[in-house]
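Input: a single structure, listed below in structure tokens.
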Amino acid sequence: MSKFSDKVAVVTGAGRGIGNAIAKKLASEGAKIAAISRSVENSQSCAEEINSEFPDVARSYSVDVSNHDDMMDVGKKILNDFGKVDILVNNAGVTRDNLMLRMNEDEWDAVLNTNLKGAFNSVKAFQRSLLKQGGARIINISSVIGLIGNAGQANYAASKAGLIGLTKSLAREFASRSVTVNAIAPGFIVTDMTDSLSDDLKDGIKSKIPLGELGDVDDIANAVEFLAGSSGKYITGQVLTVDGGMVI
Ligand SMILES: NC(=O)c1ccc[n+]([C@@H]2O[C@H](COP(=O)([O-])OP(=O)(O)OC[C@H]3O[C@@H](n4cnc5c(N)ncnc54)[C@H](O)[C@@H]3O)[C@@H](O)[C@H]2O)c1
């Protein structure tokens with residue numbers, strides 16, 4: 001029997017990058033997958049790729065996680081389609097970098113609404129089902145930037161630090177129902193989000209990483225697999241930093 005064979009996992013931002021790798025990893029271990037992304041194309045292509053390898057395992061849902069009502073509607077659809085949710089991975093995230101002196105309200109709102117309110121919305125959409133399942137898991141994808149801050153990313157750092165506060169509070173609230181709630185703080189991982197960085201900037205970043213390399217999406221997917229599985233049953237309210245030693 002596979003590790004997650006009777007489990008249903010919801011992964012937000014599953015269209016590409018880290019979320020895509022997480023959805024595929026959980027599917028490869030037997031989980032049924034509700035793949036959420038903002039665009040129809042991205043969410044569909046994620047589900048199609050998974051289903052081509054593991055038939056009828058994944059369904060796609062396109063929704064903006066920052067929209068509370070839309071997220072509640074999609075939550076109902078997912079619960080109707082799958083009957084329950086055991087694993088919720090809040091991964092959808094955006095950046096709108098700017099120095100504070102130049103940052104405008106739209107840049108602040110876009111990042112906080114997706115990265116932090118989006119996680120609130122998806123917990124609200126699935127909380128009753130998660131609390132009903134024995135040993136359900138919530139895993140929030142934060143960032144090392146939420147731990148150490150970064151010039152030009154006040155909005156992003158605030159959203160990712162907020163996600164850690166949400167994680168620790170929900171860990172306390174949901175513990176009595178054996179639901180664990182943890183955050184993963186990736187360092188610099190090679191994805192579309194980091195692709196736009198210049199080679200000079202990437203070399204500068206590498207020089208600050210003790211392991212000397214940027215991370216891979218599978219480094220994060222492996223951490224999710226660990227926390228979501230039975231190996232993670234006594235771990236809650238924690239931030240697992242996966243960053244090659246950047247933040248020691
Ligand atoms: N790449 C890194 O180095 C890195 C480092 C630390 C943390 N993270 C975090 O990991 C997560 C994934 O990052 P990534 O690099 O794979 O990013 P990415 O931009 O490649 O993918 C993000 C995904 O989220 C989806 N998304 C964005 N806004 C959404 C919304 N409002 N509603 C629904 N879906 C939405 C996008 O469509 C996309 O599929 C993010 O939360 C990011 O902040 C990434």
**OP:** Answer yes or no as to whether A157 is free of Cβ contacts under 8 Å to residues at least 40 places away in the same chain and closer than 20 Å to V89 by Cα.
**Re:** yes
Subject >> Checking D106 against (1) within 13 Å of the ligand (Cβ to nearest atom); (2) free of Cβ contacts under 8 Å to residues at least 12 places away in the same chain, the condition it does not meet >> reply: (1)
**OP:** Could you please let me know if S143 is in a loop (DSSP other than H, G, I, E, B) and crowded, with 23+ Cβ neighbours inside 10 Å?
**Re:** yes
**OP:** Those residues that are within 11 Å of the chain's Cα centre (by Cα) and charged (D, E, K, R), I need them from segment 1-38; list them, please.
**Re:** none
**OP:** Would you point out which residue out of D200, D192 is over 15 Å from N140 (Cα atoms), free of Cβ contacts under 8 Å to residues at least 24 places away in the same chain and not aromatic (F, W, Y)?
**Re:** D200
**OP:** Output the residue which, of all residues in segment 74-92 that are among the hydrophobic types (A, V, I, L, M, F, W, C), outside any loop (DSSP other than H, G, I, E, B) and touching a strand residue (DSSP E or B) at 6+ places or on another chain (Cβ under 7 Å), is surrounded by the fewest Cβ atoms within 10 Å (Cβ to Cβ).
**Re:** F82
**OP:** Please give the helices (runs of 4 or more DSSP H) falling wholly within segment 176-248 in which 1 or more residues are modelled with pLDDT of 95 or more and crowded, with 17+ Cβ neighbours inside 10 Å.
**Re:** 217-228
Original post:
In segment 93-115, what residues are part of a helix (DSSP H, G or I), surrounded by fewer than 16 Cβ atoms within 10 Å (Cβ to Cβ) and in contact with a Gly (Cβ under 7 Å, 6 or more places away or on another chain)?
Top reply: none
Subject >> Tally, over segment 31-73, of residues that are assigned to a helix (DSSP H, G or I), more than 10 Å from the ligand (Cβ to nearest atom) and touching a residue at least 40 places away in the same chain (Cβ under 8 Å) >> reply: 2
Subject >> Contacts under 7 angstrom Cβ, first residue in segment 1-25 being acidic (D, E), partner away from the ligand (no atom under 13 Å from the Cβ) and not in a helix (DSSP H, G or I), 6 or more apart >> reply: none
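The values are calculated or read from the model by the stated rules, or taken from the named source; none is laboratory data. What you see is a predicted model; the values in this text were computed from it and never measured. Cβ coordinates were reconstructed from backbone atoms using ideal geometry, including for glycine residues, and neighbour counts include every protein chain displayed.
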